[in-house]
Amino acid sequence: MMAENSNIEWTDHTFNPWIGCQKVSPGCDHCYAETWDARGLQQRESRWGPHATRTRTSAANWRKPLAWNRAAEKAGKRARVFCASLADVFDNHPSIQPEWRADLWQMIADTPHLDWLLLTKRPQNIERMLPDGWGEGWERVWLGTTVENQTEANRRIPQLKAVPARVRFLSCEPMHGPVDLIEATRRVIRHPNYLGIGLHWVICGGESGPSARPMHPDWARSLRDQCAAAGVAFHFKQWGEWAPRRCAQPGDLLNANRAVIVRPDGSITSGLMAYNRDAWVMDKRGKKAAGRLLDGREWNELPGAA
Ligand code: SF4
């Protein structure tokens with residue numbers, strides 16, 4: 001099931017050193033990895049939750065990055081590896097053996113033609129799980145955290161920024177509310193020399209899946225504009241399930257199964273009684289049809305260090 005070639009736009013491969021996790025914030029509500037894991041529950045125990053045992057992936061799976069590394073060397077082009085989609089590398093669950101993470105660091109060291117993108121919802125754990133010799137960060141390791149709303153921005157961005165890293169990134173996906181990066185980054189600056197606001201790359205995307213919530217267009221636009229002002233690369237991944245149609249107008253009455261009105265605070269209605277120029281009609285088109293154009297174009301920027 002673990003795809004050798006990822007279908008996530010911003011990475012070439014996905015590697016899961018182990019499988020299993022537990023929910024830690026609203027961004028986990030519709031965790032696709034848990035849904036994926038639940039499909040095998042007739043044959044084995046669940047790997048999700050505080051009491052569930054995580055399991056290391058097979059030796060064959062662990063050989064894949066070495067093959068990707070050889071292919072990247074041959075092609076003369078570094079490849080990006082996203083780690084992890086079915087676990088959190090900085091999960092501190094007791095069933096995760098310290099040598100699993102040590103083996104992962106060794107794997108990263110052994111694959112010089114790969115850039116490793118470690119994305120976590122637990123940035124508070126990163127520092128104590130780093131390998132010896134981390135120094136100011138390994139050149140090919142990008143550390144990222146998920147920021148789905150301002151509360152998580154205020155909590156996680158300072159935690160991420162407290163860790164030395166060559167590239168720091170945010171995954172603002174699924175976006176559940178507006179995010180002010182400056183407000184969040186103002187809180188702790190331990191390494192003041194980092195470019196701009198101490199971040200190098202921001203990925204933005206709306207939620208997908210059957211119970212997905214719409215992303216107000218102004219949240220994505222604001223993030224893009226904040227990144228531009230701060231010299232931070234911006235990648236717009238997807239609208240998700242819901243795509244914007246137009247500003248809502250008084251008298252709009254919609255079939256809530258197919259279209260809703262989303263207000264700037266994320267609240268949703270199927271009818272608009274009063275003029276509110278900041279409310280938007282969003283159509284349920286499905287992830288593919290909703291696409292990934294923001295104001296008429298794709299946003300595929302990468303950090304300058306890449
Ligand atoms: S951190 Fe990621 S893998 Fe873990 S429960 Fe949340 S969404 Fe799922």
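The table below gives the values:
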| quantity | calculated |
| --- | --- |
| Restricting the stretch 214-238 to residues that are at pLDDT 95 or above and part of a loop (DSSP other than H, G, I, E, B), the residue that is nearest to the chain's Cα centre (by Cα) | Met215 |
| Failed item, numbered, when Ala102 is tested on (1) open to solvent by 10 Å² or more (accessible area, probe 1.4 Å); (2) among the hydrophobic types (A, V, I, L, M, F, W, C); (3) out of contact with any Phe, Trp or Tyr (no Cβ under 8 Å at 6 or more places or on another chain); (4) within 16 Å of the ligand (Cβ to nearest atom) | (4) |
| Output for the stretch 1-28, where each listed residue is assigned to a loop (DSSP other than H, G, I, E, B) and at pLDDT 90 or above | Thr11, Asp12, Phe15, Asn16, Pro17, Gln22, Lys23, Val24, Ser25 |
| Single residue of Gly144, Gly135 found to be at positive phi and either open to solvent by 40 Å² or more (accessible area, probe 1.4 Å) or within 14 Å of the ligand (Cβ to nearest atom) (or both) | Gly135 |
| Sole exception among (1) under 30 Å from Arg168 (Cβ atoms); (2) modelled with pLDDT under 95 for Cys247, by number | (1) |
| Residue within the stretch 59-81 that is in the same structural domain as Thr120 (by TED's automatic domain parsing), open to solvent by less than 20 Å² (accessible area, probe 1.4 Å), part of a loop (DSSP other than H, G, I, E, B) and in contact with a helix residue (DSSP H, G or I) (Cβ under 9 Å, 6 or more places away or on another chain) present | no |
| Residue that is surrounded by the most Cβ atoms within 10 Å (Cβ to Cβ), among those in the stretch 9-40 that are among the aliphatic types (A, V, I, L, M) and more than 7 Å from the ligand (Cβ to nearest atom) | Ile19 |
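The values are calculated or read from the model by the stated rules, or taken from the named source; none is laboratory data. As the structure is a prediction and not an experimental result, all values here were calculated from the model. Don't worry about glycine lacking a Cβ; one is built from the backbone with ideal geometry, like all the others, and counts go over all protein chains shown. Heads up: the accessible areas ignore ligands, DNA and RNA and are worked out on the full protein's heavy atoms, side chains in. Shrake-Rupley method; radii C 1.70, N 1.55, O 1.52, S 1.80 Å.
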